[in-house]
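K.L.:
What follows is a structure written as structure tokens; I'll ask about it next.
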Amino acid sequence: MYEENDYLQISGFQHFSLCRRRWALIYIEDQWEDNWRTTAGQIMHEKAHDKNVAEKRSGTIIVNALKIASKELGISGECDIVQFHKDDAGVYLPKYKDKFRPYPIEYKRGRGQSIEADSIQICAQAMCLEEMLCCTVEKGALFYGEPHRRTEIDFTEVLRQKVKESAKDMHRIYHSKTTPKAIMGKYCNQCSFKDICLPGLSKSKKSVKEYLLRGLRN
Ligand code: SF4
């Protein structure tokens, strides 16, 4: 069990799954570089969070910007949207005098190129809801901006295991305060940290000085 002071941000799971170095640059070194992709993503989240209230539509309760945390995983954050669907096997909500099962929805920019990383993030949200509400959350959804539709995600044992392993690794690296080395991939081309990270340096057998001089000459 983790103490609140040690909690890491749930939004970090997506970065960590795509590139551990990128996660460390944001959460250990406190660097943040915007490009049009990160800005578009922020706008989508602001839209999702513009009403921090619960409303009931056709028997479903919809809650925006719900704060969540897990002592077991040592993480905290916020769900874009949680729908509570009426379900006899769900959690009893006294205000609505009935049982409901939570169904988290996460808004994402783009067409779902990073669906595995996004699935780990939303599964982490589901595991927080389970711990907080003492219920089972079987499914949730990712809402991608470009096709403008939902992709339903099953919170399988395999996905849950990935969340647990990622959380453990994130805590270990965070406490070591060591930023992992770059592993260059095609994802680097779209990364807003490229100019800070200099991923080419990790492949180069030349010195940092030679690499920078070559960059200045080009
Ligand atoms: S440029 Fe590549 S290696 Fe560097 S942080 Fe971005 S994704 Fe990771």
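The values are calculated or read from the model by the stated rules, or taken from the named source; none is laboratory data. Since the model is a prediction, treat every value here as computed from it, not as a measurement. Ideal geometry is used to build each Cβ from the backbone, glycine not excepted, and the neighbour counts take in all protein chains shown. Protein only, heavy atoms only, side chains kept; ligands, DNA and RNA dropped before computing areas. Shrake-Rupley method; radii C 1.70, N 1.55, O 1.52, S 1.80 Å.
K.L.:
Give me the residue from region 99-125 that is outside any strand (DSSP E or B) and of a type in the set (Val, Ile, Thr) and, out of that set, farthest from residue 85 (Cα to Cα). Reasoning before the result, please.
P.N.:
Start the filter on region 99-125 by keeping residues that are outside any strand (DSSP E or B), which leaves 109-125.
Filter once more, keeping what is of a type in the set (Val, Ile, Thr): 115, 120, 122.
Working: 115: 24, 120: 22, 122: 17 Å.
Residue satisfying both the conditions and the ranking: 115.
K.L.:
Take the residues in region 167-198 that are aromatic (Phe, Trp, Tyr) and open to solvent by 60 Å² or more (accessible area, probe 1.4 Å); name whichever of them is nearest to the ligand (Cβ to nearest atom). Steps first, answer last, please.
P.N.:
Applying the first criterion (aromatic (Phe, Trp, Tyr)) to region 167-198 yields 174, 187, 193.
Right, trim to open to solvent by 60 Å² or more (accessible area, probe 1.4 Å) and you get 174, 187.
Details: 174: 16, 187: 5 Å.
Ranking the qualifying residues of region 167-198, first place goes to 187.
K.L.:
Right, residue 154: closer than 26 Å to residue 19 by Cα, modelled with pLDDT of 95 or more and open to solvent by 10 Å² or more (accessible area, probe 1.4 Å) or not?
P.N.:
So residue 154 fits the description; yes.
K.L.:
Of everything in region 29-81, what is at pLDDT below 65 and touching an Asp or Glu at 6+ places or on another chain (Cβ under 6 Å)? Give them in sequence order.
P.N.:
48, the sole residue that qualifies.
K.L.:
Scan region 138-148 residue by residue and report those that are under 17 Å from the mean Cα position of the chain (by Cα) and part of a loop (DSSP other than H, G, I, E, B).
P.N.:
145
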